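What follows is a short report on a single structure.
The values are calculated or read from the model by the stated rules, or taken from the named source; none is laboratory data. All values derive from a computational prediction rather than experimental measurement. Here Cβ is always computed from backbone atoms with ideal geometry, including for glycine, and neighbour counts include all displayed protein chains. Quick note on the areas: whole protein, heavy atoms, side chains included, nothing else; ligands and nucleic acids left out. Shrake-Rupley method; radii C 1.70, N 1.55, O 1.52, S 1.80 Å.
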Amino acid sequence: MPAVKDGNDVTIEDYASDVHSWVRSLRAKAGVRCVWVLGHSEGALVAEVAAQDADGICGIILVAGMGRKLADVLRAQLQANPANAPLMAQALPAIAKLEAGQRVDVTGMDPRLAPLFHPAVQGFLIDEMAKDPVKLLAAYQGPVLVLQGTSDLQASVQDARMLAAARPGVQLVLLSGVNHVLKAAPEDRTANLATYADPSLPLAPGVAGTIARFIKAHTAPSL
């Protein structure tokens, strides 16, 4: 039986609700007071929304998360690739319309934009575009680690700095030469993307250790 009737008819709050379900389950099974929540990429936003109800959450770890609203991220990502130049006359107005909470008519839209603006996902995009990651993080007072690779093609170091500046006490760690999928990679776009589909490449040095040290530093000793 599927978890939901329509996998596209969901919101960020629905995912955050799932996080709390897992937190409750893990607390019960492990007999612990709280659980750490790690969100990667879009999952960082889910973690921030989940943390608005901090019950049972030890702290949050935001890996390759966005410091800007989704509409700004999409515009920047599309414009960063010169091959997208012919698509921008259709893409930018569509993003603006979704940002305003309105659905987009995709009739006559370039097929290359179909996956991004498919009518089935527009409700989710509208919901996500309304979320401000910096404001959400500023409202959460628990421990926060922002972890960002300098070779990330999707999230930028500036995104990480925006998150870290949301409020005092947020810890920022930048990992040199680490990309969006947490592998060691050059900044060259083609070579960087090639690492995504190479299962032989391990996590880049520093990823696991940084997370582990942060959790240990913010975990009270057992009595």
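If you take the residues in region 33-56 that are open to solvent by 60 Å² or more (accessible area, probe 1.4 Å) and assigned to a loop (DSSP other than H, G, I, E, B), which one is farthest from Ala96 (Cα to Cα)?
Filtering region 33-56 for residues open to solvent by 60 Å² or more (accessible area, probe 1.4 Å) gives 33, 38, 40, 42, 52-53, 55.
From the residues that got through so far, the ones that are assigned to a loop (DSSP other than H, G, I, E, B) too are 33, 52-53, 55.
On the way: Arg33: 43, Gln52: 27, Asp53: 30, Asp55: 36 Å.
Filtering region 33-56 for residues that are open to solvent by 60 Å² or more (accessible area, probe 1.4 Å) and assigned to a loop (DSSP other than H, G, I, E, B), the one farthest from Ala96 (Cα to Cα) comes out as Arg33.
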Completion exercise
Among the residues of region 81-106, the number that are touching a residue at least 24 places away in the same chain (Cβ under 8 Å) and in a helix (DSSP H, G or I) is 7
Practice task
Would you mind stating whether Ala155 is open to solvent by 40 Å² or more (accessible area, probe 1.4 Å), touching a residue at least 12 places away in the same chain (Cβ under 8 Å), closer than 29 Å to Leu78 by Cβ and not hydroxyl-bearing (Ser, Thr, Tyr)?
Solution key: no
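Out of the residues in region 164-188 meeting the condition of being charged (D, E, K, R) and surrounded by fewer than 13 Cβ atoms within 10 Å (Cβ to Cβ), tell me which one is nearest to Arg33 (Cα to Cα).
Checking each candidate, the answer is Glu187.
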Completion exercise
Expected output for region 207-221 (first residue in contact (Cβ under 8 Å) with a residue 60 or more places away in the chain, partner open to solvent by 30 Å² or more (accessible area, probe 1.4 Å) and of a type outside the set (A, V, I, L, M, F, W, C), Cβ below 6 Å, 6+ apart or cross-chain) is His218/Pro143
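Return the residue satisfying two criteria in turn: it lies in region 57-83 and is touching a strand residue (DSSP E or B) at 6+ places or on another chain (Cβ under 7 Å) and open to solvent by less than 10 Å² (accessible area, probe 1.4 Å), and of such residues it is farthest from Pro133 (Cα to Cα).
Just the residues of region 57-83 that are touching a strand residue (DSSP E or B) at 6+ places or on another chain (Cβ under 7 Å), to begin with: 57-65.
Add one more test, that the residue is open to solvent by less than 10 Å² (accessible area, probe 1.4 Å), and what stays is 59-65.
Values: Gly59: 16, Ile60: 13, Ile61: 13, Leu62: 11, Val63: 13, Ala64: 13, Gly65: 9 Å.
Looking at residues that are touching a strand residue (DSSP E or B) at 6+ places or on another chain (Cβ under 7 Å) and open to solvent by less than 10 Å² (accessible area, probe 1.4 Å), I get Gly59.
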Fill in the blank from the handout: Reported set for region 65-90 where residues are under 15 Å from Val104 (Cβ atoms) and basic (Lys, Arg) is Arg75
Problem - Which numbered condition Ala114 misses (of (1) at pLDDT 95 or above; (2) part of a helix (DSSP H, G or I); (3) within 26 Å of Arg189 (Cβ to Cβ)) - result: (1)
Problem - Lone qualifier among Val181, Val121, Val134 - being part of a loop (DSSP other than H, G, I, E, B) and within 24 Å of Leu70 (Cβ to Cβ) - result: Val181
Problem - Considering residues of region 189-223 that are open to solvent by 80 Å² or more (accessible area, probe 1.4 Å) and within 22 Å of the chain's Cα centre (by Cα) only, the residue farthest from Val37 (Cα to Cα) - result: Arg189
